[in-house]
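In what follows, a single structure is set out as structure tokens and then discussed.
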Amino acid sequence: MTDLDVDPDVEATPSPALWAERTGTRAYTGHNTRGAHVRIGDSKEEGVFSPGELLQLALAACSALSADHRLSHALGADFDAVVGVSNEKNQEENRYERLTVEIVSDLSALDDQTRARTLERAEIAIERGCTVGRTLAAGAPHQIVFTDEAAG
């Protein structure tokens, strides 16, 4: 089986529509069917996210969302958290070597045993539930298709 073949034993679930419309030179607006949008462009431009930043934020947010239930169970429904993400970039190959997600939250109210158990369960929840992380870890192949028709 090649990277682009579909495994007949894996049932594919259709994804909601996502698309990006060109708004200018190296400028796009990404959309989903729920009405959200995000400005995407060159990392040198103000007021936009670069595609690499969106990838990193997707991993950070996916990790946080996956761990949220476990953390809120231990810390309370209104716990505060900030999720950061950093990268190590291979400039020669124009790709990220490593992405690191940091979930920052005050765990001082937890005893050592509860803290360790909560973090272990949060890590398991991330490993099981973060589609973005699982996709990156599996090295998902991708393809590009050009379609010749009027856009818009």
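The values are calculated or read from the model by the stated rules, or taken from the named source; none is laboratory data. These figures come from a predicted structure and were not determined experimentally. Note that each Cβ is placed from the backbone with ideal geometry, even for glycine, and that neighbours are counted across all protein chains shown. Heavy atoms of the whole protein, side chains included, go into the accessibility calculation; ligands, DNA and RNA do not. Shrake-Rupley method; radii C 1.70, N 1.55, O 1.52, S 1.80 Å.
Structure summary
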item	result
Estimated [θ] at 222 nm from DSSP helical runs (n ≥ 4, -39500 (n - 2.57)) normalised by residues in the chain, nearest 500	-11000 deg cm²/dmol
Dipole moment magnitude, nearest 20 debye, the chain about Cα centre, only Lys, Arg, Asp, Glu C-beta charged	280
Surface accessible to a 1.4 Å probe, F79 within the full protein complex, Å²	40
³J(HN,Hα), Karplus 6.51/-1.76/1.60, whole Hz, each residue of the range 27-34, x for Gly, Pro	9, 9, 10, x, 9, 10, 6, 8
Heavy-atom accessible area order for T23, T135, T118, largest first, 1.4 Å probe	T23, T135, T118
Cα pair count fraction exceeding 25 Å, expressed as % - the chain	47
At most 10 other Cβ within 10 Å, DSSP loop - GluC sites (Glu not before Pro), the range 36-92	E46, E92
Cβ-defined net charge surrounding K44, 13 Å radius [Lys, Arg +1; Asp, Glu -1]	-3
Residue-wise HN-Hα coupling along the range 108-115, computed from phi with Karplus coefficients 6.51, -1.76, 1.60 (Hz; x: Gly, Pro)	5, 6, 8, 6, 4, 5, 5, 4
Under 11 Å, Cβ to Cβ, from Y28 - net charge with Lys/Arg +1 and Asp/Glu -1	+1
